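Reading through the structure tokens given below for one structure.
The values are calculated or read from the model by the stated rules, or taken from the named source; none is laboratory data. Just so you know, these numbers come straight off a predicted model, no measurement behind them. In this analysis, Cβ positions are derived from the backbone assuming ideal geometry, glycine residues included, and neighbour counts consider all displayed protein chains.
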Amino acid sequence: MNINEQKSSGLNTFGGVYTPSILTILGVIMYLRFGWVVGNVGLLGTFLIVTLSNVITFLTALSICAIATDRVVRAGGAYYMISRSLGIETGGAVGITLYIAQALSVALYTLGFAESVVQIFPGWVDYQLYIALAITIGVGVLALTSADIAIKAQYFIMAAIALSLISFFLGQPVEETQIELWRTTDQSFWQVFAVFFPAVTGIMAGVNMSGDLKDPTKALPIGTLAAVGTGYLIYMIIPIFIGFRANSQTLIDEPFIMARMSFWGGAIALGVWGATLSSAIGSILGAPRVLQALVRDNIFPKYLSFLGQGAGKNDEPRIGTALTLGFAMAAVCLGDLNIIAPILTMFFLTTYLVLNASASIESFLESPSFRPTFKVHWSLSALGALGCLGVMFLINAIATLVAAIIVLGIYLYLQRQQLEVTWGDSRRGMWMALLRTGIYQVQDESVDPKNWRPHILTFFHSPQKNWSLVKLADSFNHKGFLTVASIIPERREYESKQNLENTIKDYLQKNNIQGLVKIVRSDDTFNVIPQLVESYGIGALVPNTVLLGNSNAWLNKDWDAHQEYCQMVTQIHQLKRNIVILKQNPINKLGKHRRVDVWWGGIQANGSLMILLAHLLQYDWNWSNARVYLKLVIKNSNALEATKNNIDNLITKLNISLIPNIIVSDESSFETILEQNSQGADLIFLGLASPQENFPHYYRGWLERTKNLPTIAFVMAANDFPFDEVLQKD
């Protein structure tokens with residue numbers, strides 16, 4: 001069953017969101033660690049910790065409300081929200097950590113239960129671990145037996161917590177004391193914050209039950225914000241009573257001090273037992289639902305798909321609950337609240353950070369599809385995200401980096417799985433916003449040689465026939481744009497055109513080539529290519545380099561086709577584009593990618609562009625070990641020494657890996673020298689003169705004279721661009 005088809009069980013705002021949230025907030029940390037917090041940092045320090053924690057929670061709650069009122073929130077809670085906003089990879093990376101946090105929460109609460117028991121019955125201290133394990137098994141069995149019973153038990157537990165708070169407020173001091181406003185101990189402020197923070201993470205209890213709500217869009221905002229507000233009010237009042245009723249050392253030494261302060265200590269025991277049990281139940285109900293959503297979105301391998309199975313009319317994840325129970329029992333064996341609480345803090349802060357980032361991005365992009373009824377300015381969500389990140393570093397910078405590495409590792413793993421989803425997310429909107437900003441920023445068409453890079457448009461018939469052309473284009477394309485275009489007959493239908501485009505995209509992706517694809521329907525190839533070169537692009541982002549395959553019309557003595565090809569080249573040159581024509585050796589293609597010969601005539605125009613292209617080749621993995629020879633022909637040996645010194649100085653100045661090769665012609669023709677010196681090359685660069693009236697004859701002559709050579713890239717630089725400035729440092 002798909003999670004999108006899952007039916008809610010009809011829980012309302014009070015029972016499905018407010019009650020589980022407030023019961024988790026008013027939980028084990030309040031009863032067993034609030035006195036410890038006041039004892040370590042004083043009254044003002046406690047107010048600051050409570051306020052800072054609740055500010056982060058409140059901002060996160062606002063973000064949750066914005067996302068929840070924009071779309072139907074199904075099972076999985078925070079994972080569902082993040083995956084549908086920032087994508088399946090981000091959602092999965094955070095969802096896995098969220099599941100672990102929820103499972104650890106079960107251990108936190110049952111350990112708190114056991115600790116309170118041994119505080120009341122000191123003789124049972126040796127059995128504390130067994131008590132925690134027994135309670136963990138008990139809540140697991142309850143969740144497996146009937147989630148409905150567990151949910152209905154909340155109301156009795158809430159009554160017990162209310163009774164405990166009334167008893168506490170009506171209590172008396174345990175000793176004479178003078179309240180300390182600020183205090184420093186061996187525990188730093190941020191260490192104390194880390195122990196306290198899980199006390200305010202109850203907002204996830206309602207969110208994780210989102211799939212079981214009658215109306216999540218209405219229930220989540222009202223219930224969550226009401227719970228946060230109630231919790232903050234209570235947490236700001238309790239420290240005042242605690243601070244006036246015992247001294248700091250007593251508060252640190254006695255975890256169950258609230259019972260001694262109360263009118264009836266038994267009420268505190270009922271409250272802490274009820275709170276820990278309800279929180280443990282809430283976590284063991286929420287965690288499997290997160291796991292179920294992860295599995296059903298194919299985050300985990302297929303052989304684990306059984307973890308996503310549901311049972312009964314409410315689709316309860318019983319197998320996931322059993323797994324979570326085992327996980328929680330293993331965590332209980334750690335046996336210390338102060339160890340588990342900081343770990344939970346880091347996991348929850350990570351989840352809160354990404355939730356806030358999701359809401360901030362959605363709001364900032366102002367996508368037409370994002371229309372929440374509960375509107376939150378993007379800056380508030382961004383502030384929540386930054387607050388989470390800042391607090392994480394202040395608590396433990398190393399742990400923060402470890403958490404980031406873990407989340408990033410999961411993200412990269414999921415990205416490599418190329419998961420297919422049936423929903424859209426905001427990532428495309430993010431890129432569109434960045435692209436829009438970038439295009440406007442580079443709209444100024446003034447020449448900027450230092451930031452030049454090739455934006456390549458190449459034409460080919462099919463991957464099978466012209467793949468070397470695409471590979472070479474990709475090799476030249478260092479941080480630029482590559483567009484692979486194809487001209488198909490006009491008789492082909494649009495559906496056929498779309499199918500071909502998808503085929504080429506898939507082929508590029510399988511061969512790890514990043515490129516755009518453009519298919520044009522036309523029966524006049526030679527005329528449509530210059531038109532496409534002129535019209536293709538947006539703003540200042542237009543192809544500046546056109547890579548063409550060679551026309552073989554001259555071999556077939558099809559003079560008309562050869563002239564049309566040359567006319568096309570002329571038109572592209574008139575459009576001020578660089579042109580590279582690849583004449584492939586049919587046997588060796590691009591050879592072994594070991595040697596490149598650049599036949600050089602000077603630093604201007606073609607010479608500079610050829611050096612740049614040869615240099616860019618070396619960034620490509622296939623050509624990374626290639627040796628690039630800069631070949632220069634001089635008439636006689638008298639100028640050899642001076643030429644060699646000039647070339648060596650130039651290469652040093654350019655800081656490009658080039659091997660100079662100066663050849664004395666001794667009245668031999670250039671064609672003879674070329675054939676003698678480049679037979680062993682894998683790729684040869686030769687410059688072409690700008691097209692003139694006799695260009696078809698000129699170009700055919702070069703084709704005939706080089707027919708026995710390895711693959712050649714004929715280069716014709718745009719006349720108006722200062723490529724020498726791109727090369728030179730000063």
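In this structure, is A404 outside any loop (DSSP other than H, G, I, E, B), more than 30 Å from D523 (Cα to Cα) and either modelled with pLDDT of 75 or more or under 24 Å from the mean Cα position of the chain (by Cα) (or both)? So A404 passes the test. Each residue in the stretch 617-647 was checked for being in contact (Cβ under 8 Å) with a residue 12 or more places away in the chain and farther than 25 Å from D682 by Cβ, and 7 of them qualify. Condition check for I166 on (1) over 20 Å from S53 (Cα atoms); (2) out of contact with any helix residue (DSSP H, G or I) (no Cβ under 7 Å at 6 or more places or on another chain); (3) at pLDDT below 95: one failure, at (3).
Listed here are the residues, each with its yes/no results for (1) over 22 Å from V106 (Cα atoms); (2) surrounded by 18 or more Cβ atoms within 10 Å (Cβ to Cβ); (3) of a type outside the set (S, T, N, Q).
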site: A160; (1), (2), (3): no, yes, yes
site: I166; (1), (2), (3): yes, no, yes
site: G171; (1), (2), (3): yes, yes, yes
site: E175; (1), (2), (3): yes, no, yes
site: I179; (1), (2), (3): yes, no, yes
site: W182; (1), (2), (3): yes, no, yes
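So for the stretch 678-686 (the condition being over 30 Å from Q563 (Cβ atoms) and either surrounded by fewer than 17 Cβ atoms within 10 Å (Cβ to Cβ) or free of Cβ contacts under 8 Å to residues at least 12 places away in the same chain (or both)), does at least one residue qualify? Yes: one or more hits. Being over 25 Å from the mean Cα position of the chain (by Cα), more than 30 Å from I240 (Cβ to Cβ) and β-branched (V, I, T) is the requirement here; does V55 meet it? So V55 does not fit the description; no.
Look at G409 and say whether it is surrounded by 15 or more Cβ atoms within 10 Å (Cβ to Cβ) and at pLDDT 85 or above. Answer is no for this residue. Could you please let me know if V715 is in contact (Cβ under 8 Å) with a residue 24 or more places away in the chain and buried (at least 17 other Cβ atoms within 10 Å of the Cβ)? When the stated conditions are applied, V715 passes them. Scanning the stretch 224-238 for any residue that is of a type outside the set (D, E), under 21 Å from N338 (Cβ atoms) and touching a residue at least 40 places away in the same chain (Cβ under 8 Å) turns up at least one such residue. A single member of A357, A382 is in a helix (DSSP H, G or I), modelled with pLDDT of 90 or more and within 30 Å of K218 (Cβ to Cβ), and it is A382. Of all the residues in the stretch 289-327, those that are part of a helix (DSSP H, G or I) and without any contact (Cβ under 8 Å) to a residue 60 or more places away in the chain number 12.
The residues listed here are N649, N677, N645, N655; of these, the one that is modelled with pLDDT of 85 or more and within 46 Å of the chain's Cα centre (by Cα) is N649.
Go through the residues of the stretch 464-473 one by one and say whether even a single one is more than 30 Å from L609 (Cβ to Cβ) and either of a type in the set (K, R) or in contact (Cβ under 8 Å) with a residue 60 or more places away in the chain (or both). Scanning the stretch 464-473, I find no residue that is more than 30 Å from L609 (Cβ to Cβ) and either of a type in the set (K, R) or in contact (Cβ under 8 Å) with a residue 60 or more places away in the chain (or both), so the answer is no.
What do you reckon, is D315 acidic (D, E), surrounded by 19 or more Cβ atoms within 10 Å (Cβ to Cβ) and either more than 29 Å from the chain's Cα centre (by Cα) or over 21 Å from A114 (Cβ atoms) (or both)? Here the answer is yes, as D315 does meet what is asked.
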